[in-house]
2 protein chains.
Amino acid sequence: MKNQERSLRHESRLNQMLSRVRDRHFRLTPQRMAILQILANSEEHPTVEDIYQQVKTRFPTTSLATVYKTIALLKELDEVLELGFPDGSNRYDGNRPYPHPHAICTKCKKIMDPEISSVDELSEEMRQKTGYTISFHRLDFFGLCPECQDKP
Amino acid sequence: MKNQERSLRHESRLNQMLSRVRDRHFRLTPQRMAILQILANSEEHPTVEDIYQQVKTRFPTTSLATVYKTIALLKELDEVLELGFPDGSNRYDGNRPYPHPHAICTKCKKIMDPEISSVDELSEEMRQKTGYTISFHRLDFFGLCPECQDKP
DNA sequence: TCCTTTGCAGATAACGGTTATCAAGAAATA
DNA sequence: TATTTCTTGATAACCGTTATCTGCAAAGGA
Ligand SMILES: [Mn+2]
Ligand SMILES: [Mn+2]
Ligand SMILES: [Zn+2]
Ligand SMILES: [Zn+2]
């Protein structure tokens, strides 16, 4: 079943995050634990504000700064993928913390992970033709999601 | 000769920009002409500040706002490609005003246009697998350019 | 040519998500 | 328990972009 796979992946991701945090001897505060859980469990590429609102339901005194700092920590550990946008906003993927393509709805801002052919061949072609040493990439497809195509 | 090709393309691009501006009955002021020339002639994906500094050598009283407004005009006419970055900065390509891959040096910030296999097949695969109607994309490869690889 | 209308240039204030800063509190260490 | 280090929460600062406003200049009509 699809949902079960997902649950397993989420649990696995949380454990991975937790061990990385512990290995580096960072403290595992309740706020941090909550943020890690949210990132490990979400498939929606949440914004900082999304995460903030969710954390506050469990720990109402949590500061926005704590969310930013925990995300910075996870970035340092390579345990979250940050998708920065030109308007200054960010979206986060805690499930697949490595570069991968995204489909972005220009209307409702939903972001999904498509299962698509790898772009590693393009990366290799790039290296050969430009002489650059490619360390990472970013591939976004913009358009309308099925839901937004229906309601005009 | 490579440089000659480039000159021809630049001239062609400038003419294309000019006719679009005229067709829509926008006024062709000296400042606008200067900015169009800079964008048509540059291969370096200049920043707004780059353009501003160049324009000021010919028209010292030019305001930064005029540069922004002219770029906004060209975007409306689909005559310039804007590459927005998460830090809020932008780079512009007046030569190829349509989505195409870029190689970005993470050290010196140089951006180049690689001649690479098209990503249209990926776009099509995307459409089929996600149900999104893809209208444009963005593909960036990050790494070190040949020059920056040498000097550590 | 004069007058009216419209568009553009230049200057500057406002914007907003992120980052930096700092005091207070909590956890590790001895 | 005392001391050190880390973390939280609150808030100021950041900075390229965007919005706003005023004065000027180019079109267009009579
Ligand atoms: Mn993703
Ligand atoms: Mn380009
Ligand atoms: Zn949508
Ligand atoms: Zn370089």
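The values are calculated or read from the model by the stated rules, or taken from the named source; none is laboratory data. Here the structure is a predicted model, which means the values were calculated and not measured. Methodologically, a virtual Cβ is constructed for each residue, glycine included, from the backbone with ideal geometry; neighbour enumeration extends over all protein chains shown. Heavy atoms of the whole protein, side chains included, go into the accessibility calculation; ligands, DNA and RNA do not. Shrake-Rupley method; radii C 1.70, N 1.55, O 1.52, S 1.80 Å.
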Checklist entry - Of the residues B:Glu121, B:Glu82, B:Glu11, which exhibits the maximal mean-square fluctuation in a Gaussian network model of chain B defined by a 10 Å Cα contact cut-off? => result B:Glu121
Checklist entry - Hey, if we sort A:Phe59, A:Phe85, A:Phe141 by accessible area with the 1.4 Å probe, largest down, what's the order? => result A:Phe59, A:Phe85, A:Phe141
Next on the checklist: With n ≥ 4 as the cut-off for DSSP H runs, can you work out [θ] at 222 nm for chain A, using -39500 (n - 2.57) per run divided by the number of residues, rounded to the nearest 500?
Outcome noted: -15000 deg cm²/dmol
Item to check | Solvent accessible area, Å² - B:Thr47, 1.4 Å probe, full protein context | outcome: 40
Checklist entry - What pairs in B:Lys109/B:Lys151; B:Lys75/B:Lys110; A:Lys109/A:Lys129; A:Lys129/B:Lys69 have C-alpha atoms more than 24 Å from each other? => result A:Lys109/A:Lys129; A:Lys129/B:Lys69
Item to check | Accessible-area order (highest first, 1.4 angstrom probe) of the listed residues B:Tyr52, B:Tyr98 | outcome: B:Tyr98, B:Tyr52
Checklist entry - From the Cα gyration tensor of segment A:1-136, with a ≥ b ≥ c the square roots of its eigenvalues, which class applies: rounded if a/c is under 1.5, or else prolate if a/b is larger than b/c, or else oblate? => result prolate
Item to check | Shortest-first distances to equivalent copies, position B:Gly131, nm, label 7 Å out along Cβ | outcome: 4.8
Checklist entry - What FRET efficiency would be calculated for the residue pair A:Ser12, B:Ser89, taking the C-beta separation as r and a Förster radius of 41 Å, to the nearest 0.05? => result 0.65
Checklist entry - So, in nm, how far is label A:Lys2 from label A:Asp113 when the simple model puts each one 7 Å beyond its Cα toward the Cβ? => result 1.5
Next on the checklist: What does the copy distance list look like for A:Phe85, label position 7 Å along Cα→Cβ, in nm and ordered from shortest?
Outcome noted: 2.0
Item to check | ³J(HN,Hα) computed for each position of segment A:99-108 - Karplus, 6.51 cos²θ - 1.76 cosθ + 1.60, integer Hz, glycine/proline x | outcome: x, 7, x, 9, 10, 10, 7, 6, 9, 9
Checklist outcome for this item: One decimal, nm, nearest first: from B:Ser63 to the same residue in each other copy, label points 7 Å out along Cα→Cβ, the values are 4.0
Checklist outcome for this item: With every protein chain in place, the accessible area of A:Lys129 for a 1.4 Å probe, in Å² rounded to the nearest 10, comes to 120
Checklist entry - Considering chain A as a Gaussian network with a 10 Å cut-off on Cα pairs, which listed residue, A:Leu39, A:Leu83, A:Leu122, attains the greatest mean-square fluctuation? => result A:Leu122
Checklist entry - Which value, in debye to the nearest 20, gives the size of the charge dipole of segment A:1-137 about its Cα centre, when Lys and Arg are +1 and Asp and Glu are -1 at the Cβ? => result 580
Next on the checklist: Spelling out what I want: for every residue of segment B:118-124, take phi, set θ = phi - 60°, compute 6.51 cos²θ - 1.76 cosθ + 1.60 (Karplus), and round to whole Hz; glycine and proline get x.
Outcome noted: 5, 9, 5, 5, 4, 4, 5
Checklist entry - What distance in nm separates the simple spin-label points at B:Ala65 and B:Arg127, each placed 7 Å from Cα in the Cβ direction? => result 4.3
Checklist entry - Can you give the accessible area of A:Arg58 in Å² (nearest 10), computed on protein heavy atoms with a 1.4 Å probe? => result 130
Checklist entry - With chain A treated as a Gaussian network of Cα nodes joined by springs under 10 Å, which of A:Thr29, A:Thr133, A:Thr61 yields the largest mean-square fluctuation? => result A:Thr133
Checklist outcome for this item: Among beta bridges assigned by DSSP with both residues in the protein assembly as shown, the antiparallel ones amount in percent, to the nearest 5, to 75
Checklist entry - By the gyration tensor of its Cα atoms, with a ≥ b ≥ c the square roots of the eigenvalues, what is the shape of segment A:28-76: rounded for a/c under 1.5, prolate for a/b over b/c, or oblate? => result rounded
Item to check | Among beta bridges that DSSP assigns inside chain B, antiparallel share in %, nearest 5 | outcome: 60
